[in-house]
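Only the coordinates and a few stated rules stand behind these numbers; no lab work does. What you see is a predicted model; the values in this text were computed from it and never measured. Glycine also receives a Cβ, built like all others from the backbone with ideal geometry; neighbour counts cover every protein chain displayed.
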Amino acid sequence: MEWLNYHHLYYFWIIAREGSVTRAARQLRLSQSTLSAQLKQLEDNLGQPLFDRAGKSLKLTAAGQVAFQYANQIFECGRELLDTFRNRPTNRLPVLRIGAVSPLSKNLQYDFIAPVLQAAEARVVVTQGNLSELLVELQNHRLDLILSDMPARTDVPAGLSNHLLGEMPVFLVGKPPYRIPRQPFPNWLAGVPLILPTRQSTLRAEFDTLLDRAGIVPQICAEADDMALIRLLALSGAGLALVPEIVVQFELADRKLLRVECVRGLTQKFYAVTARRRHPNPLVGRVVQRFQEWLKKHFTRKA
């Protein structure tokens, strides 16, 4: 049976955490030459370099990222072993690391995460950021998937895949009571205060095109790239907000907001972005499929 030298793995783990052999050697009270030799033996055993070396700086390779994640889990298990024998039992769950683009509906994020927590399937770690930042984290094995309202480019050699979670209708919603003027849509929008996503949004671009074709100049009272803020502005009564239904699902159910108009031909798509893995997180496929089924059941029926 092949045997992994856990001393070597521990030294690698400390080097990766400290970011340099010098600092790791100081912490471990070993010489730098000894530590470098132990690291070289681990790399030879695994058959792949774990660090890119540029002068004195070290950066984990893709293989190093995978090894570091395994080392985290291994030494966490070791701590739990000690806790158990010291009468400090702990329940260990696998970790699901999710990236979420910053403007994405918090309701959608909640609906994606809640079943995982309710079933005690995993400990969830959520990181917010823009898509380009999160893709770097995904490719460096620090995320298992990204939730996004736009697909990632797949014409780059990064092994990315876009999984369509669902497509849902888009509404103009407003604070009750609200009466629609007796005109066909979108003509009655002229002069109506609107709360819209910013122009960086695909949804905004499609809505602008719709109004341009009708010859309507919108009266925009607010623009935001955060759907949670758009929801709050709609609740203030400042104007009608353009949102996917999931953004305001609870307010619609409580009649704090009303569906004033379903914007025909306009939908919002949501994606889970993953990267090709030699050792993928087994939770990802199951969680994504479950959420696809949930979205289809609760929202696409109205599209």
Sorted by Cβ neighbour density within 10 Å, fewest at the top, the residues Ile74, Ile113: Ile74, Ile113
Take every Cα pair under 8 Å in the range 1-130 that's 6+ residues apart, average their separations, divide by the length, and report that relative contact order as a whole percent. 17 percent
Amide H within-cut-off set for Thr127, under 5 Å, with H built and near neighbours excluded: Ile98, Gly99, Ala100
Counting alpha carbon pairs within less than 8 Å and at least 6 residues apart, what relative contact order, in whole percent, applies to the range 171-303? 33 percent
Translational D in µm²/s for the range 6-85 (Stokes-Einstein at 20 °C, 1.002 mPa s, Kirkwood Rh from C-alpha pairs): 166 µm²/s
Go through Thr154, Phe171, Leu134 and say which Cα lies farthest out towards the positive end of the charge dipole of the range 113-172; charges sit on Cβ, +1 for Lys and Arg, -1 for Asp and Glu. Leu134
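Classify the range 180-223 from the C-alpha gyration tensor, please: rounded if a/c falls under 1.5, else prolate or oblate depending on whether a/b exceeds b/c.
Numbers: a/c = 2.39, a/b = 1.48, b/c = 1.61.
Oblate.
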Projecting the Cα atoms of Leu82, Thr34, Leu50 onto the charge dipole of the range 6-85, where Lys and Arg contribute +1 and Asp and Glu -1 at Cβ, the residue farthest towards the positive end is Thr34
Rounding to the nearest 10 and keeping the result within 0 to 90°, find how far the Cα-based axis of helix 283-298 lies from the longest principal axis of the chain. 10 degrees
The chain - charge dipole about Cα centre, Lys and Arg +1 at Cβ, Asp and Glu -1, debye rounded to 20: 400 debye
Compute the semi-axes of the equivalent ellipsoid of the chain, taking the square root of 5 times each eigenvalue of the Cα gyration tensor, and list them largest first in whole Å. 49, 21, 16
Among Val247, Leu258, Gly237, the residue whose Cα sits farthest towards the positive end of the charge dipole of the range 168-269, when +1 is placed on the Cβ of each Lys and Arg and -1 on the Cβ of each Asp and Glu, is Leu258
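What shape does the range 31-128 take by its C-alpha gyration tensor, where a ≥ b ≥ c are the square roots of the eigenvalues and a/c under 1.5 counts as rounded, a/b above b/c as prolate, and the rest as oblate? Don't jump to the answer; show the numbers that get you there.
On the way: a/c = 3.25, a/b = 1.46, b/c = 2.22.
Taking the square roots of the gyration eigenvalues as a ≥ b ≥ c, the range 31-128 is oblate.
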Do you know the relative contact order of the chain, to the nearest whole percent, from alpha carbon pairs under 8 angstrom that are 6+ apart? 20 percent
Distances longer than 22 Å among the Cα atoms of the range 139-221: what percent of all pairs is that? 45 percent
Computed D for the range 168-269, Stokes-Einstein, Kirkwood radius over alpha-carbon pairs, 25 °C, 0.890 mPa s, to the nearest µm² per second, is 182 µm²/s
Sequence-distant aspartates and glutamates (8 or more away, or on other chains) whose Cα lies within less than 15 Å of Lys106: Asp149, Asp225, Asp226, Glu245, Glu251
